[in-house]
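To keep things clear, I will list the structure first and then write my remarks on it.
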Amino acid sequence: MKIISDIKEMQTLAIAARGEGKRISFVPTMGFLHEGHASLLHEGRKRGDLLVLSIFVNPTQFGVGEDFDKYPRDMERDTHIAAAAGVDVVFTPSPVGMYPAGYQTFVDVAELTLPLCGASRPGHFRGVTTVVCKLFNIVQPHIALFGKKDFQQLAVIRQMTVDLNMPVEVVGMPIIREQDGLAMSSRNKYLSSEERTSALCLSRSLQSVRAAYHSGERDAERLKQLVQNIILAEPSATIDYVELRADETLEKVATVDDRTLLALAVRVGATRLIDNCLLGEDD
Ligand SMILES: Nc1ncnc2c1ncn2[C@@H]1O[C@H](COP(=O)(O)OP(=O)(O)OP(=O)(O)O)[C@@H](O)[C@H]1O
Ligand SMILES: CC(C)(CO)[C@@H](O)C(=O)[O-]
Ligand code: BAL
């Protein structure tokens with residue numbers, strides 16, 4: 001397994017691999033890898049000849065006062081997980097390599113970025129689409145894999161690739177959960193043991209809404225109320241948003257159906273967690 005920090009070296013390797021007819025699979029991450037990331041890597045391994053993992057905590061997608069500085073980092077552990085998953089190249093660019101002095105180009109998806117995390121984290125998706133566009137240009141993947149835990153991010157990246165005619169197949173992968181239901185996330189590391197227990201209110205809310213939906217409830221407001229009651233019963237949890245929206249347009253719905261997305265962002269203590277489900281699907 002190669003570890004490459006130099007952008008030109010990564011791009012040259014990718015162009016050479018393409019020249020040899022190799023299919024490049026790509027998994028972009030911010031590191032501190034867990035089984036959610038590993039599931040993306042396993043699928044990428046199956047679907048390509050050259051599997052590239054990027055680890056880059058991207059400064060432009062963090063707002064002022066967010067956790068860029070304290071975001072967990074552990075290159076040594078990540079390298080072991082990557083090797084075990086069959087990664088060929090770990091790409092670890094530096095912030096100054098990606099955004100040198102004088103940098104001034106950004107990619108902005110206009111509408112899908114307005115609600116949900118886009119509303120709570122202004123500028124976040126502009127940073128995500130900009131870095132993913134740059135990473136695509138460097139790694140030149142045929143296929144790129146993203147988790148559905150970041151459902152809106154996946155929708156925004158799909159839209160970017162369509163709108164900008166990027167020749168990349170974007171694949172969405174199921175949410176990997178801990179045994180008790182908590183969606184795996186690098187940020188779970190911030191939780192104290194009491195907060196870790198409180199954090200189960202997210203997955204519990206999703207289960208309750210699905211159960212109510214399967215029992216015939218179709219009213220979005222009543223389902224939202226159900227979630228609010230569960231979360232507000234946890235003293236350390238505060239709601240950032242609870243929304244029921246159409247899965248493709250992310251428009252609000254008053255009456256839900258199988259394609260309705262329930263998306264949550266909840267602060268447990270100081271840690272902001274997200275989770276979601278489609279009402280008609282199991283994870
Ligand atoms: N539990 C999970 N199941 C499946 N995919 C996941 C999971 N968690 C993260 N991913 C995916 O891994 C990729 C890299 O995500 P990232 O490095 O931000 O990890 P993360 O655990 O989501 O971190 P964060 O704490 O920032 O949310 C993204 O496509 C993301 O959707
Ligand atoms: C896609 C991504 C790697 C871009 O920095 C990040 O937003 C993430 O880890 O989901
Ligand atoms: N997993 C999405 C990256 C972020 O929260 O900034």
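The values are calculated or read from the model by the stated rules, or taken from the named source; none is laboratory data. All values reported here derive from a predicted model rather than from experimental measurement. We place every Cβ from the backbone using ideal geometry, glycine too, and count neighbours over all the protein chains shown. Note: accessible area is taken over every heavy atom of the protein model, side chains too, but ligands, DNA and RNA are not part of it. Shrake-Rupley method; radii C 1.70, N 1.55, O 1.52, S 1.80 Å.
Kindly list the number of the only condition in (1) of a type in the set (D, E, K, R); (2) under 26 Å from SER25 (Cβ atoms); (3) open to solvent by less than 70 Å² (accessible area, probe 1.4 Å) that fails for ARG77.
Every listed condition holds for ARG77 apart from (3).
Would you point out which residue out of LEU164, LEU154 is assigned by TED's automatic domain parsing to the domain that holds LEU41, surrounded by fewer than 22 Cβ atoms within 10 Å (Cβ to Cβ) and more than 26 Å from ARG73 (Cα to Cα)?
LEU164
Considering only the stretch 1-98, give the strands (runs of 3 or more DSSP E) lying wholly within it that have at least 3 residues that are within 16 Å of ligand 3 (Cβ to nearest atom).
Filter on the stretch 1-98 gives 24-29, 50-55.
Within the group ILE175, ILE230, which residue is in contact with a Cys (Cβ under 7 Å, 6 or more places away or on another chain) and either closer than 30 Å to ASP74 by Cβ or outside the structural domain of GLY31 (by TED's automatic domain parsing) (or both)?
Going through ILE175, ILE230 in turn, the sole match is ILE230.
List the pairs whose first member sits in the stretch 259-283 and is in a loop (DSSP other than H, G, I, E, B), whose second member is of a type in the set (Lys, Arg), and whose Cβ atoms are under 7 Å apart, counting only residues at least 6 apart or on separate chains?
Going by the 7 Å Cβ cut-off, the qualifying pairs are LEU279/ARG210; GLY280/ARG259; ASP283/ARG177.
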